[in-house]
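Throughout, read-outs are computed from the coordinates displayed, never taken from laboratory work. In this text the structure is predicted, and so the values were computed from the model without any measurement. All Cβ positions, glycine included, derive from the backbone under ideal geometry; neighbour counts span all protein chains shown.
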Amino acid sequence: MQDEEIDILRWLANAGLRGDEPNEMFRAFCERCSRAGIPISYAMGLMDTLHPEFEGHAFEWRAQDNGPRPLQTYSSSDSGNVRETWESSAFNHLRQTGESELRREIGKGAPVDFYRLPELREEGCTDVIFHIERFTRKGSIGAMDAFYSVWGTDEPDGFAEDQLALLRRLLPTLALALKSVGSIRIVKTLARVYLGQDAASRVIDGQVARGQAETIDAIIWLSDLKDYTAIMDAARPEQIIPLLNDYSSVVIGALHRNGGNVLKLIGDGVLAIFKGPDLTAAASRALQTERELRRDLDHLNRRRGARGEPSTGLYVSLHLGTVFYGNIGSRNRLDFTVVGPAVNEVSRICTICKTTNNDALVSADFVNVCRPASREGLSPLGEFSLRGVSEPMVLYTVNRGSVSVVV
């Protein structure tokens, strides 16, 4: 093993341990290979991941690049044009045959019979290698079961055998380093998607012990679909999940834009908090969220109505209270959420929304921390007894078109 090869392997190991950005790692690997005598003019790497919005990441490099290219994503190979592209690719051929490598010396008349080969020939490539480093079932996470790569050269005679031999020896370690970084990204992505941004950060930072929780004051948000049971009874089965996704998207989108932390999707409901330390600012952000939600909800219902799909409205309740925020559950099944009387109270307030036919209700405790300008858009509805709550509670409605919000 030559010194240059050892240096590249050592660097790859350290890059994986450091958690370098994958596109930067791929660029630096290509440059090091070039300096080691492998005449790469074009390279691309692909690795699937677990993400709700796309299927994987792609890294691309050309010899004339002055820096790393942005990390690219690609969508599922089961959809539309992407499926056609996949089926015409050398990687699909390798998956079908079980082989690990395919070479096309197009400068010597080899067939240009797979996706990307015509483009690479136009770029001046004379020799192209398609390669797969497979992971075992035990070493895979979902669809992240291989590292795919393309290597092209514009040398007139193509790659020499010793150059390819060196590249083949280096690729498993490159795949391992990228897999290490990709696995960390998957953990962070899934934690964020299923727990919410704030809870995910806390769990990843080590807050995982059962009972590990803190007492915080927060604005608590609970929203619920109107007439959910009736809609579910009337809707066709194939309409139910798209309906829930549509309405969850407008709620969660408005919450995220205004700094809300989504903690739970409870059937048709969304539980979220707006944390301090400035609870007045948090209350303003909650009201801004509610106002934006009404606008987005109107747009959504217009779109659904135009498609002949069932539509509905949303109830929103807002409350201020002290909650326990952290890990609750059994030894091996935990939930990172909020609990406490205030959480029960905001649920009861949402029930009053339904019985009084009000889109949104807020508690007196919430109103008390609002800015004066925001209070002008809130009107007392009356005093209500809430089930399971010892003292009656004064509730306020949100006046449509008159809420003044200062964030």
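Computed quantities for the displayed model
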{"item": "R0 of 45 Å, Cβ-Cβ distance Glu24-Asp278: FRET efficiency to nearest 0.05", "result": "0.75"}
{"item": "Reachable lysines, given that their alpha-carbon falls under 25 Å from the alpha-carbon of Lys138 and they are not under 8 places away in the same chain", "result": "Lys179, Lys188"}
{"item": "Binned Cα-Cα distance frequencies in the chain - 20 Å width, integer %", "result": "22, 39, 28, 10, 0"}
{"item": "Computed [θ] at 222 nm, deg cm²/dmol, the chain (DSSP H ≥ 4; -39,500 (n - 2.57); rounded to nearest 500)", "result": "-14000 deg cm²/dmol"}
{"item": "Point-to-point label distance, Asn81-Asp205, nm (Cα→Cβ direction, 7 Å offset)", "result": "4.3"}
{"item": "Evaluated at q = 0.19 Å⁻¹: base-10 log I(q)/I(0), Debye formula over Cα of the range 3-194", "result": "-1.50"}
{"item": "For the range 69-118 and the range 362-380, distance of Cα centres in Å", "result": "60"}
{"item": "Those aspartates and glutamates that a straight Cα-Cα span of less than 14 Å connects to Lys264, excepting residues fewer than 8 apart in one chain", "result": "Asp198, Asp224, Asp335"}
{"item": "Förster-model FRET efficiency, 30 Å R0, Phe54 and Ala110, C-beta, rounded to 0.05", "result": "0.40"}
{"item": "Qualifying chymotrypsin sites (Phe, Trp or Tyr not before Pro) in the range 41-133, DSSP loop, other Cβ atoms within 10 Å at most 14", "result": "Phe54"}
{"item": "Euclidean distance between Cα centres, the range 291-351 to the range 186-246, Å", "result": "9"}
{"item": "Whichever lysines have a C-alpha closer than 17 Å to that of Lys354, once near sequence neighbours (fewer than 8 apart) are set aside", "result": "Lys226"}
{"item": "Spin-label model distance (nm) - Arg103 vs Ile186, 7 Å beyond Cα toward Cβ", "result": "3.2"}
